[in-house]
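Participant: Dumping the structure here so I can ask a few things about it.
The values are calculated or read from the model by the stated rules, or taken from the named source; none is laboratory data. It should be emphasised that the depicted structure is a prediction, and the values quoted were computed from it without experimental measurement. FYI the Cβ positions are ideal-geometry reconstructions off the backbone, even for glycines, and counts take in every protein chain you see. Each accessible area value is taken on the protein alone, full model and side chains, heavy atoms only, with ligands, DNA and RNA left out. Shrake-Rupley method; radii C 1.70, N 1.55, O 1.52, S 1.80 Å.
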Amino acid sequence: MSHLHYIEDLLELKGVNVINIDNNSISTDIYIELPRKNHECPDCGTHTDKVHDYRLQKVKDLPIYTKLTYLYYRKRRYICHECNKRFYEDNSFLARYQHKTSRLNLFILDKLKNLVSMSFISKEYHVSIPTVSRILDTLSNGKPKYLPEVLSIDEFKGDFGEGKYQCIITDLKNKKVLDITTTRTEAYLNGYFRQYPKDVRDSVKFVVIDMWRPYYSIMKQLFPKAIIIIDKFHFVRQVTWALENTRKRVQKNLDKNTRVYFKRSRKLLNKSKKDIHINNRWRVDRMLDISPDLKKAHQLKEYFYYVLEAKNSKEASRRLDLWIRMAKESNLNEFKSAIRAFNNWREPILNSFDHPHTNGFTEGYNNKIKVLKRVSFGLQNFTRARNRILHLD
């Protein structure tokens, strides 16, 4: 077997004959052609192997060892002896009107699944940024045809589309992103979900949301058979925020060294006491001894973690009632917002104890979007941003 046959195997181009290779300082130029064979005339269907002429086409291929690679494709034009039609031979590696191999396009599409910028991809594959954009535009991501059993919706700051905030809709059961909406306004989301027939909406069993009233209003109205759940992270942080605000208020009246100590040790205050290493517990006790208000706030946080350990909504309801009473009796202004939130969102909060669905997957994907925005130095075009997000691994 000649060395050219080994090159043919290395290139993985089916049925291609390598004629010559020119390896220069700028690029690797590979001259190829296909075997001559019978072709069917696209007009009359007659088979012919009569060659009319040859054309040499320069085609960009995948880089070899990060070096530019070009295929110089000597392609035939056949002529039909019945209708005189002239046509190019068929090949499996180059789409019509393209000057890049199909596999180069596929590799770029695959690279777009990663959290890298288009400029990074363009440099790696020696193509322009507009070329990468056009390849991304070939993706067709229509509106999802179904709604999942466990639906999740959350907003993120995209700064593209029709406003600062867009929504991500996910299938929590199958860990899949379904859609990105152009805005998060109540009117838009209402119209968006109303496009689905009632029987499709009725197939949704659970909806997981955060504590934003428009979400709740829309889901309650359009998904009457679904159980609405508030994501645990969003109601737990009501308590941690209250504790944090109490710490900030208390430390304002302390000397500089103690104030710095409080700030640096804030993570210990937010931890559950049983999770704090025994060597660090004295640090927490030292802070709590300085302020009675901080001590009460810390006790409320600790009891709330006890509320979270409830095995069902009935048990959680009893513990939550006791926590609310304790919070009121503490007379800490920082906890008023948490008390109000738990009273206003009581039913969907308690649902989270019977049905352990969370927005963890959705929040994780939001972090991916933030990273994508950062490496891309922002995303402006909504359609491309949506395609890119839906295409991510």
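Participant: At 1.4 Å probe size, with no ligands or nucleic acids counted, give the accessible surface of Arg325 in Å², nearest ten.
Facilitator: Surface accessible to solvent at Arg325 totals approximately 120 Å².
Participant: While we're here: Given Cα pairs under 8 Å that are at least 6 residues apart, what percent is the relative contact order of the chain?
Facilitator: 14 percent
Participant: On to the next question. As an exercise, use a Förster radius of 35 Å and the Cβ-Cβ distance of Phe377 and Val260 to find the FRET efficiency, rounded to the nearest 0.05.
Facilitator: Numbers: r = 36 Å, r/R0 = 1.02.
Efficiency computed from Cβ-Cβ geometry: 0.45.
Participant: For Cys83, Cys167, what's the largest-to-smallest order of accessible area, 1.4 Å probe?
Facilitator: On the way: Cys83 60, Cys167 0 Å².
Largest accessible area first, the residues go Cys83, Cys167.
Participant: As a test, work out the antiparallel percent of DSSP beta bridges whose residues both lie in region 152-295, rounded to the nearest 5. Show your work: numbers first, answer last.
Facilitator: Working: 11 of 16 bridges.
Rounded to the nearest five, the antiparallel share is 70 percent.
Participant: Heavy atoms only, probe 1.4 Å: what % of the accessible area of region 273-330 goes to carbon and sulfur, would you let me know?
Facilitator: 49 percent
Participant: Quick one: angle between helix 360-375 and the longest Cα principal axis of the chain, in degrees between 0 and 90, rounded to 10, please.
Facilitator: Once rounded, one gets 60 degrees.
Participant: Oh, and also: Using a Förster radius of 22 Å, what is the FRET efficiency between Asp289 and Phe233 based on their Cβ-Cβ separation? Nearest 0.05, please. Spell out each step's value before the answer.
Facilitator: Numbers: r = 31 Å, r/R0 = 1.40.
Approximately 0.10, to the nearest 0.05.
Participant: Could you please state, rounded to a whole Å, how far the C-alpha centre of region 349-393 is from the C-alpha centre of region 223-296?
Facilitator: When both Cα centres are located, 28 Å separates them.
Participant: I'd like the FRET efficiency for Tyr306 and Tyr146, computed as 1/(1 + (r/R0)^6) with the beta carbon distance as r and R0 of 51 Å, rounded to 0.05. Show your work: numbers first, answer last.
Facilitator: Details: r = 40 Å, r/R0 = 0.79.
It comes out at approximately 0.80.
Participant: Now for a different question. Which pairs break 23 Å Cα to Cα here: Lys176/Lys370; Lys311/Lys370; Lys175/Lys267; Lys256/Lys301?
Facilitator: On the way: Lys176/Lys370 18 Å; Lys311/Lys370 35 Å; Lys175/Lys267 31 Å; Lys256/Lys301 26 Å.
In this structure, Lys311/Lys370; Lys175/Lys267; Lys256/Lys301 lie more than 23 Å apart at Cα.
Participant: If you average the C-alpha positions of region 91-122 and of region 305-332 separately, how far apart do those two centres end up, in angstrom?
Facilitator: 56 Å
Participant: Cα to Cα, under 17 Å, and not fewer than 8 places away if on the same chain: which lysines meet these conditions relative to Lys220?
Facilitator: Counting by Cα, and skipping residues close in sequence, Lys220 has these lysines nearby: Lys198, Lys205.
Participant: Another one. Mind grabbing the accessible area of Arg194 for me, 1.4 Å probe, Å², rounded to tens?
Facilitator: 120 Å²
Participant: For region 1-152, which whole-number percentage of the solvent-accessible area (1.4 Å probe, protein heavy atoms only) is attributable to carbon and sulfur atoms? Spell out each step's value before the answer.
Facilitator: On the way: 4550 of 8960 Å².
After summing per-atom areas, the C and S share lands at 51 percent.
Participant: Quick one: ranking Tyr125, Tyr305, Tyr54 by accessible area, 1.4 Å probe, largest first, what do you get?
Facilitator: Details: Tyr125 25, Tyr305 50, Tyr54 90 Å².
From most exposed to least exposed: Tyr54, Tyr305, Tyr125.
Participant: Would you mind working out the accessible area per residue for the chain, using a 1.4 Å probe, and quoting it in Å²? Before the final figure, lay out the partial values.
Facilitator: On the way: 21410 Å² over 393 residues.
Per residue, the chain has an accessible area of 54 Å².
Participant: Something else now. Enter the angle in degrees (range 0 to 90, nearest 10) between the Cα long axis of helix 313-330 and the first principal axis of the Cα atoms of the chain, meaning the one along which they spread out most.
Facilitator: Tilt relative to the chain: about 60 degrees.
Participant: Which option, [x] 1.47; [y] 1.15; [z] 0.93, is the value of Cα Rg over 2.2 N^0.38 Å that was calculated from these coordinates?
Facilitator: Only one option fits the structure, namely [x].
Participant: Would you please name the chymotrypsin sites (Phe, Trp or Tyr not before Pro) within region 132-197 that are DSSP coil residues with at most 15 other C-beta atoms within 10 Å of their C-beta?
Facilitator: Working: sites: Tyr146, Phe156, Phe160, Tyr165, Tyr188, Tyr192, Phe193; in loops: Tyr146, Phe160.
Here the sparse-neighbourhood loop sites are Tyr146.
Participant: Using the alpha-carbon atoms, what tilt in degrees (0 to 90, nearest 10) does helix 382-391 show relative to the longest principal axis of the chain?
Facilitator: 90 degrees
Participant: Oh, and also: With a ≥ b ≥ c taken as the square roots of the eigenvalues of the C-alpha gyration tensor of region 159-289, please select rounded if a/c is under 1.5 and otherwise prolate if a/b is larger than b/c or oblate if it is not? Could you put the intermediate results ahead of the total?
Facilitator: On the way: a/c = 3.40, a/b = 2.45, b/c = 1.39.
Prolate shape, in that a/c is at least 1.5 and a/b is the bigger ratio.
Participant: So, one more: Could you pull the accessible area for His277 with a 1.4 Å probe, rounded to 10 Å²?
Facilitator: 110 Å²
Participant: How much of the DSSP bridge set in the chain is antiparallel, in percent, rounded to the nearest 5?
Facilitator: Numbers: 34 of 48 bridges.
Among the beta bridges of the chain, antiparallel pairing accounts for roughly 70 percent.
Participant: Find how much the distance from Ala95 to Glu162 grows on full extension, using 0.36 nm per residue of separation minus their present alpha carbon separation; answer in nm with one decimal. Don't jump to the answer; show the numbers that get you there.
Facilitator: Working: separation 67, 0.36 × 67 = 24.12 nm, distance 3.59 nm.
Extending this stretch completely gives an extra 20.5 nm.
Participant: How much length is gained on full extension from Lys173 to Lys328, taking 0.36 nm per residue of separation minus their Cα-Cα distance?
Facilitator: Numbers: separation 155, 0.36 × 155 = 55.80 nm, distance 3.83 nm.
Roughly 52.0 nm would be gained on extension.
Participant: Further question on the same structure: What does the net charge come to around Lys252 if you take all other residues with beta carbon closer than 15 Å to its beta carbon, with K and R at +1 and D and E at -1? Write down the numbers at each step before the final one.
Facilitator: Numbers: positive: Arg247, Lys248, Arg249, Lys256, Arg259, Lys263, Arg266; negative: Glu244, Asp255, Asp293, Glu334.
Residues near Lys252 contribute +3 overall.
Participant: Shifting gears a bit: At most 15 other Cβ atoms within 10 Å and a DSSP loop assignment: could you name the trypsin sites (Lys or Arg not before Pro) in region 67-167 that fit?
Facilitator: Filter output for region 67-167: Arg96, Lys113, Lys145, Lys164.
Participant: Ignoring ligands, DNA and RNA, how do Glu82, Glu124 rank by accessible area with a 1.4 Å probe, largest first?
Facilitator: Details: Glu82 125, Glu124 70 Å².
Highest to lowest solvent-accessible surface, that is Glu82, Glu124.
Participant: Assuming 0.36 nm per residue, please report the length gained on full extension of the stretch Lys273 to Gln57 beyond their Cα-Cα distance.
Facilitator: Details: separation 216, 0.36 × 216 = 77.76 nm, distance 7.13 nm.
Extra length from Lys273 to Gln57 when fully extended: 70.6 nm.
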